[in-house]
Each structure stands twice: as C-alpha cells, then as structure tokens.
1. Can you find even one residue in segment 216-228 that is of a type in the set (Ser, Thr, Tyr) and within 29 Å of residue 321 (Cα to Cα)?
2. Take residue 102 and decide whether it is touching a Phe, Trp or Tyr at 6+ places or on another chain (Cβ under 7 Å) and of a type outside the set (A, V, I, L, M).
3. How many of the residues making up segment 226-253 are assigned to a loop (DSSP other than H, G, I, E, B), at pLDDT below 90 and touching a helix residue (DSSP H, G or I) at 6+ places or on another chain (Cβ under 7 Å)?
4. For segment 200-217, indicate whether the set of residues that are of a type outside the set (A, V, I, L, M), closer than 23 Å to residue 68 by Cα and in contact with a Phe, Trp or Tyr (Cβ under 8 Å, 6 or more places away or on another chain) is non-empty.
5. Out of 170, 189, 199, I need the residue that is farther than 28 Å from residue 318 by Cβ and of a type in the set (D, E, K, R). Which one?
6. Could you check residue 104 against (1) surrounded by fewer than 16 Cβ atoms within 10 Å (Cβ to Cβ); (2) in contact with a His (Cβ under 9 Å, 6 or more places away or on another chain) and say which number it fails?
7. How about segment 279-320: which of its residues are more than 25 Å from residue 193 (Cβ to Cβ), hydroxyl-bearing (Ser, Thr, Tyr) and at pLDDT 90 or above?
8. Go through segment 211-225 residue by residue and tally those that are modelled with pLDDT of 90 or more and either in a loop (DSSP other than H, G, I, E, B) or surrounded by fewer than 19 Cβ atoms within 10 Å (Cβ to Cβ) (or both).
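The values are calculated or read from the model by the stated rules, or taken from the named source; none is laboratory data. Here the structure is a predicted model, which means the values were calculated and not measured. Cβ atoms come from the backbone with ideal geometry, glycine included; neighbour counts cover every protein chain shown.
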Amino acid sequence: MDTVSKYHFQRRGFGMIELLIVLAIIAILLALLLPAVQKVREAAARTQCVNNVKQVALGIHNFESTFKRMPPLYGGSNGTTVVNSLKFSNVWGSTLVFLLPYIEQDNLYKRMAVSPPLNYDPNFAGTLNNAVPTYACPADPSMTDGIVNGGILGGSSYAINAQVFAPLADESITGGAMFPAGKVKNFTDRGTSLSRLGDGTSNIILFTHTYALCGYSQGSAWGYGSGIGKVPAPVDTYQPWSRASYLKQTYMTAKNAAPFQNQPNPYTTKCVATDPATPHAYAMVVGLGDGSVRTVNRSISADTWNKACLPNDGNVLGPDW
C-alpha cells in the first residue's frame, strides 16, 4: 500500500475547535434539561406531600369515628393545676401524637407508654427521635430522612391549626387567641366533633404546611412534649401547631405580608415558630375539615385566609377561596 493510501486510512482525532463545540452543545442540552428535571422532582414531591396531607386528614376523621370527637391540640391533665385535656389526661403530646395509631404507627405510639400509672410520653425511650414518613414532606429542605437538620428530633412538615383543636377566648375574626396556658380547664382541647364547627368542614383549614426547622432553634417536631405534669408554654420551641390566623392579624396589615411563604430561602432565617410556609413553588397544601386536600394559591387575600383558619367566626369566604 503506498504512502497516500496509508495516510488516507489513518484515524483522525477531534481537533480543539471540534471538542469545544461538542462541549458547548452538551452544556446547552444540560441547561435545557435541568429545569425539566427540577419540575419533575417538584411534581413528584408535591404528589407525595398531597398524599401525606390526605393521610393526616383521614387520620383525624378516623380518630373522630372512634371517640366521637376531635383529638385535642395537646393532651394531659393532673386534674388540678394542669388541665390540658381531662378526656385524655394520660397522653402528654400533640395532635400528631394522637394520630399515630391511625396512620399505621401504632407500635411507635405504644412504645411511649410509661407506667405506673400509665402515661404516654413522646419523650420516653427516644420515641421523639423517630422519623414518621407521613409527617415528612420530601420537598422540606429543613430535615433529612424525617429528622430535623442538625438535630435528633423527628420533624413535621405539617402544623396543626391550633384555632380548630383548642377553644378560643374569642372565636370572631377580630379574636382568634387561645386561652392563656393553664388558666382554664381543657384549654388545649376543644372537645367537639368536626360537624359542630360553625363554618362548615369544607371551609375550615385543619392544618397547614410548615418547616421542621425555622430559624436556628424553632420549628415543628411531631413528638413535641412539655413534659408530664406541665402545660405547653408559648415560648417553647418545635411545637407542631400554628395559630395560623391569630399570629398574622397582629402584623399583616402593617407589614403587608402574605398569609404564608412559598419557598422561603434560606429557611434558617429567624422567624416565627411554625409560621405557615411551604417548600412548594406556587401553592400551599392544606388539609380541610371534610377530609379533602386543597392547594391554596399564594395570591389568596389575608382576609380569606384568616376566615378559613377560624372555625366559628361565621364569615363567608371570599371569591379567591
């Protein structure tokens, strides 16, 4: 074979210009693909979150079917100085603790038993440090594998609406405040059925989205407990509930704030504990009194939001509901 033929059949590699062109094309394709991947991940996380909210809502209804009443915001009572809930005097935990047997976490609930006398304490035997998948939104950046970032607490991406599960000193739209801690009997237990709430179950928000970690020492832990024989105090951290409307009425007009935050960043910024906030981009996922799940647009007015959070204010929700 002559020299020309040998040269003709030699392999020719990429030149620098061709290589740069290929790399540029790959970079453009990745740039185009990344938003699509992010949208798919967000859609999957939101689907799982909606399923979690549905399970919690059904858990509340199953509890009510068993006891003919809603669970309390917080249980426990010594019958004298500490009367969180006379009906459930031996469960020193939040609504989310009461729901465990109804979301396939009965074994975890039983592990809390302390006796004698029999009490259920979420701080007993490390149960507070367990992750509960139903309470963890996969899009919540403030916890990993159901545990609050940088800690050992089992986090919750969902905050119970305290204004539904506890009686209020003033049920009107201008009120919304709970009774002071320990000042009245059953101050954390409304003790009624959902059907007896005046505004209709389809118009009442039972619980909202929140972040498991909000600020460096605040947030939402499903097993929060003030301790056996103690009442929950307003300054306590990691309470898994939100005074969703009451907190907002005091400063929303002055600061022109939205009823809730979408994707606050960074989530570690100092904030009000269990402030309604969602990791989803466009809407807040909430559980309603009729057991349904609703996505609330961030453009909802503060007035409509407040009315939906109060169960007995008697006001019709706005057209943006």
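1. yes
2. Numbers: touching a Phe, Trp or Tyr at 6+ places or on another chain (Cβ under 7 Å): yes; of a type outside the set (A, V, I, L, M): yes.
Yes.
3. 3
4. Within segment 200-217, the subset of a type outside the set (A, V, I, L, M) is 200-203, 207-211, 214-217.
Within this subset, residues satisfying the condition of being closer than 23 Å to residue 68 by Cα are 200-203, 207.
Now drop any that are not in contact with a Phe, Trp or Tyr (Cβ under 8 Å, 6 or more places away or on another chain), which leaves 203, 207.
Among the residues of segment 200-217, at least one is of a type outside the set (A, V, I, L, M), closer than 23 Å to residue 68 by Cα and in contact with a Phe, Trp or Tyr (Cβ under 8 Å, 6 or more places away or on another chain), which makes the answer yes.
5. On inspection, the qualifying residue turns out to be 189.
6. Every listed condition holds for residue 104 apart from (2).
7. Once the filter is applied, which keeps residues that are more than 25 Å from residue 193 (Cβ to Cβ), hydroxyl-bearing (Ser, Thr, Tyr) and at pLDDT 90 or above, segment 279-320 yields only 295.
8. Number satisfying all stated conditions: 7.
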